[in-house]
Structures are given as structure tokens and as C-alpha cells.
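> Here's a structure for you.
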């Protein structure tokens, strides 16, 4: 009898141990493989490759944000937030007090009028466009907070050109972009920055060819009419994401918590601050190899996210 009971007890222990090994994890804990897949998808969905190189652009010169259209307390908060996050994730920051703005953040009650003015006088700041119709579409305000990116391509020797439909060398006017009324300045003699044409010096490697994409200028327009009920902290975090990365997922809900879900329709997963997923993406963006192809860049960003967020 004792022997039979001992055998029964041993069998029960084995069954319980096997059940413990195969039991599903709690609903709030994602298996490691699933989490890594979600992080990889997050990195992939965020990336917006440039038209000319097909690679992910980032800042490789010091950022100099300028915010206008709100009281000084708020504008200085937004500007400082962009700089602080940039320093945290490894993006270059121009610390000079008199630096020339290359990120212009504009709060305005007339966003479309502002973009129409840009379209008329400085269409190059809207981004890459080949036709007048494309420029018209680029100038349309479609989001409460929206960004327009001017990118440049740099070859193996660091020679750069502004991305445009032609590859000829030339210059781009850096006029006084913002006035006190959030309109583009007129009648100001603008300095010119000579940007020589890319010489197409490459390595010959299909993985790392020596060519990279970088931001040249970013305009971020905030429709002040649609900001009622939003606090400045989350708005500053959303703006910061647009200032440091060109995102491709503003209209769809991310599976993982992200500040970019703030204005996406139908998202049940809203956050009030920049999340670790967002910071992980930015860290990966500014650690990736800029000369590698898009697939390798996305993989490197995902690896950084898994090493930091997925721990």
C-alpha cells in the first residue's frame, strides 16, 4: 500500500511539473519571441526611406530647434525637450546660443495659409517633389501636427547635395523662415549654403555602399485650433519624435505603446509621454550604420530596441 502510494505521488509530481513547463504565460506577459517580433515590426513600420537613396535619414549635423507661436514659457519648454531627448538618444545637438535653426516648430491658427506661403516662396522646404502637382499635395495640411522634411544625400567622401528631382549642384536659400506672426519673412536678403553635387563615390559593397541620407531642414506645424485639451508635455514629446525621425505610421495604431498613437484615429492604447519603445527606436536610429541598406538599418534599429526595451 505504501509502495503504491509512493508511485502515485511520484506520478502526480511529474504531471504537475510537466504542466508547469507547458503552462501559458499570464496575459500581460508576452513571450520573448513575440515581443522581439513586435519590436522588429515597430522598427520597420516607423522607417520612412528617402526617395533617392532608399535609406533612413537622420541628423548628422547638430540640431538647432526654434519654436514660435506660443508664450515664451511654452516655446522654450518645447525647444528644450527636443534638445534633451536628442542628447539622450545620441543625436547631435548644436549647443551654440546663436546657432541657425534647422528645425522650425510653428504653432499657428492658420496652418494651411502658412504652407501655401511656403509653397509659393520656398517649395524646396516641403520635401522631394518632381512636379507642381506633387508640390501642391505636399503642401496640404492633413494632421493636427505635421512635419515636412528636406533631406540631403552624402557620398563616401562626405560630399552632399539637397535631394531633389535633379542632381545638379546649386544652392538653397536659408532665409529668415519665421516671423513673429508665424509667416515666412519677405524682403530679407537670404544667405546661401552651397551644397555640391554628390560625386557618387561608393564602396561597391551591396551592404554598405558609403552613401547616406541626412536631414537638412525640418518644418513642424502645429494647428493651434486643434490643441484644446492637450497638455504641453505630450505635445512636446510628439513634436520631438517628428523632429528627430521621419515617421511612416502616424495614421495607424502601433501594437506597442507609443506617443505617435496620440492623434491616430481609433487607438485605444494612448500614452501621455514618450515611451521606452519610442526612445528605443530613436537610440537605434542614431546607432545604426547610415551607409547600409534599408533592410540592415531596420534590423540594427530592432536589435538596439531588443537590447534596451526588450530586457
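The values are calculated or read from the model by the stated rules, or taken from the named source; none is laboratory data. This structure is a prediction, so every number in the text was calculated from the model and none was measured. Positions of Cβ are generated from backbone atoms using ideal geometry, with glycine treated the same way; all protein chains shown enter the neighbour counts.
> Restricting attention to the stretch 66-92, which residues are surrounded by fewer than 17 Cβ atoms within 10 Å (Cβ to Cβ), under 19 Å from the mean Cα position of the chain (by Cα) and not in a loop (DSSP other than H, G, I, E, B)?
Matches in the stretch 66-92: 80, 84, 87, 88.
> Can you find a residue in the stretch 125-141 that is under 30 Å from residue 262 (Cα atoms), surrounded by 14 or more Cβ atoms within 10 Å (Cβ to Cβ), modelled with pLDDT of 95 or more and within 22 Å of the chain's Cα centre (by Cα)?
yes
> Still on this model: With (1) under 16 Å from the mean Cα position of the chain (by Cα); (2) crowded, with 18+ Cβ neighbours inside 10 Å; (3) in a helix (DSSP H, G or I) as the list, and residue 114 as the residue in question, which single condition is left unmet?
All conditions pass for residue 114, except number (1).
> Another one. Being surrounded by 14 or more Cβ atoms within 10 Å (Cβ to Cβ), at pLDDT 55 or above and assigned to a loop (DSSP other than H, G, I, E, B) is the filter here, so list the residues in the stretch 187-233 that pass it.
209, 210, 211, 227, 230
> Then there is this: Being part of a loop (DSSP other than H, G, I, E, B), closer than 26 Å to residue 227 by Cα and in contact (Cβ under 8 Å) with a residue 12 or more places away in the chain is the filter here, so list the residues in the stretch 136-157 that pass it.
Listed by number, the residues that qualify are 139, 140, 141, 143, 144.
> Return the pair list, or none, for Cβ contacts closer than 9 Å from residues in the stretch 30-57 that are at positive phi and modelled with pLDDT of 85 or more to residues that are surrounded by fewer than 22 Cβ atoms within 10 Å (Cβ to Cβ) and not in a helix (DSSP H, G or I), at least 6 apart or on different chains.
54/293
> Return yes when residue 90 is modelled with pLDDT of 95 or more and at positive phi and no when it is not.
In short, yes.
Residues checked against (1) in contact with a helix residue (DSSP H, G or I) (Cβ under 9 Å, 6 or more places away or on another chain); (2) surrounded by 15 or more Cβ atoms within 10 Å (Cβ to Cβ); (3) not in a helix (DSSP H, G or I):
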site: 250; (1), (2), (3): yes, yes, yes
site: 254; (1), (2), (3): yes, yes, yes
site: 261; (1), (2), (3): no, yes, no
site: 266; (1), (2), (3): no, no, yes
site: 272; (1), (2), (3): yes, no, yes
site: 278; (1), (2), (3): yes, yes, no
site: 282; (1), (2), (3): yes, yes, no
site: 297; (1), (2), (3): yes, yes, no
